[in-house]
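Colleague: So that we are looking at the same thing, I have put the structure below in structure tokens.
The values are calculated or read from the model by the stated rules, or taken from the named source; none is laboratory data. Just so it is clear, the structure is predicted and the values come from calculations on it, not from any experiment. Counting neighbours? That spans all protein chains shown, and the Cβs are built from the backbone with ideal geometry, glycine included.
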Amino acid sequence: MRPRTSAASATRRAFGFYADLAAAQFRRRTPYKLTYIVTDECSCRCAICALWKAPRPGARTDEIERLFAANPELSWINLSGGDVVERDDFLAIVTAAVSRTRVFVLDFPTAGQEPERVEDAVRATLELPLPKLVVTVSIDGPPELHDRLRGRAGAFDRARETFERLSALRSRRFQAYVGLTFSSRNDARPAQLVDDVLAHLPGVAREQLHFNLAHHAPHYYRNRPDDVPDRERLVAFLHDEERRRRTQPRSTPLRLRWLEATYWKLAVEYLERGRSPLPCSALASSVFVDADLRVFPCATWDRPLANLRDVGYSLRAALARPDAIAAAEDAHALRCPNCWTPCEAFPTILSHAPRALVRARHGAAPNELKPVVPDVPHG
Ligand code: SF4
Ligand code: SF4
């Protein structure tokens, strides 16, 4: 595959991204990371997601181009859904993201139900001057369980084919992972679940399997509070997983290993206490925009702040409003539902890198270890 990114463009984008990470240590006011729900539409019928029951198609292509043109400072863009690849204008959307912003990392998940289409989309995206592309194919169990959870016969086989096609693409700018989300529907024996999934994915290294925790996201997935996995079972699994990973050689770059290891160590604390382990950087480093272009702090907190259509599509303008400034302060103080989803937790870890490192290694101070009831409920 012929990379089209010029060395100068890649360097400029990399410099911007790492400058953003450095600035994040000082609580900047303009997020560099956008999670954007391009569409609710999706060919799956998942048990833990209600998007497909009343899907919103998402903004028009020209509006999405205006969104990116109005926010050129974005350096990390997560396109999500629904299934973004199932939009006919997917390539126009990623082209706008790459050409109108200084994005360094672009990532998106897919249910992988149209293997050839996903492969074509990734190949086309790699023709753009984008330094890093990460795609996660969602697989939540071995074939029978996965098909049941996704509400579609053959869903596992199609997702597996998608992952195999993506794994065969050779580009240093591209990484493909399998994403396994633990929820109340598959958490009976987490370690056995992982073994069963890997047994049906020959050739997939365990480190290509990334875990996630289902959260209650009323304004996003519109799911139910009891979809979240059992805390005790997950904590026990994560302790075992940490021991296992420590003793296994891994080919993942060190900085990614550090980020993931820190995320999961702090996830144990989150599960045990029900409170986010670090001051949240939502609205300082990251922001969430839904399919109707409404701005929220994150995927979990149902606190609408503005509609981009009313502010010239500018995140800077939306987040300069008094309510958005107050919400940023509330997030930092964890006066919010509290969560630990990778979309916001990774920027939070990167915004508090030294503190995250100490906390992951030594744990919370004794006076912080009592269970906490979140200060603000959902809604
Ligand atoms: S969880 Fe994802 S794959 Fe499943 S219906 Fe919702 S958007 Fe589609
Ligand atoms: S900790 Fe609060 S503000 Fe931060 S991502 Fe979670 S719910 Fe949103």
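Colleague: Please enumerate the residues belonging to the stretch 49-75 that are in a loop (DSSP other than H, G, I, E, B), within 30 Å of D226 (Cβ to Cβ) and either modelled with pLDDT of 95 or more or in contact with a strand residue (DSSP E or B) (Cβ under 9 Å, 6 or more places away or on another chain) (or both).
Modeller: P55, R56, P57, G58
Colleague: Scan A291, A267 and give me the residue that is more than 18 Å from D330 (Cα to Cα), under 18 Å from the mean Cα position of the chain (by Cα), within 16 Å of ligand 1 (Cβ to nearest atom) and in contact (Cβ under 8 Å) with a residue 40 or more places away in the chain.
Modeller: When all the criteria are applied, what remains is A291.
Colleague: Inside the stretch 201-234, can you point out the residues that are assigned to a helix (DSSP H, G or I) and of a type in the set (S, T, N, Q)?
Modeller: Hit for the stretch 201-234 is Q208, nothing else.
Colleague: What single numbered condition from (1) more than 16 Å from ligand 1 (Cβ to nearest atom); (2) buried (at least 18 other Cβ atoms within 10 Å of the Cβ) fails to hold for C42?
Modeller: For C42, the failing item is (1).
Colleague: For the stretch 114-143, which positions are in a loop (DSSP other than H, G, I, E, B) and within 19 Å of R160 (Cβ to Cβ)?
Modeller: Listed by number, the residues that qualify are E114, I139, D140, G141, P142.
Colleague: Is it the case, given these coordinates, that T162 is crowded, with 19+ Cβ neighbours inside 10 Å, closer than 23 Å to C42 by Cβ and modelled with pLDDT of 95 or more?
Modeller: yes
Colleague: Between V94, V85, which is free of Cβ contacts under 8 Å to residues at least 40 places away in the same chain, over 29 Å from P225 (Cβ atoms) and within 16 Å of ligand 1 (Cβ to nearest atom)?
Modeller: V85
Colleague: Taking the stretch 120-134 only, how many residues are buried (at least 18 other Cβ atoms within 10 Å of the Cβ) and either without any contact (Cβ under 8 Å) to a residue 12 or more places away in the chain or within 14 Å of ligand 1 (Cβ to nearest atom) (or both)?
Modeller: 0
Colleague: If you go through the stretch 340-355, how many residues are polar (S, T, N, Q) and within 16 Å of ligand 1 (Cβ to nearest atom)?
Modeller: Final tally of qualifying residues: 1.
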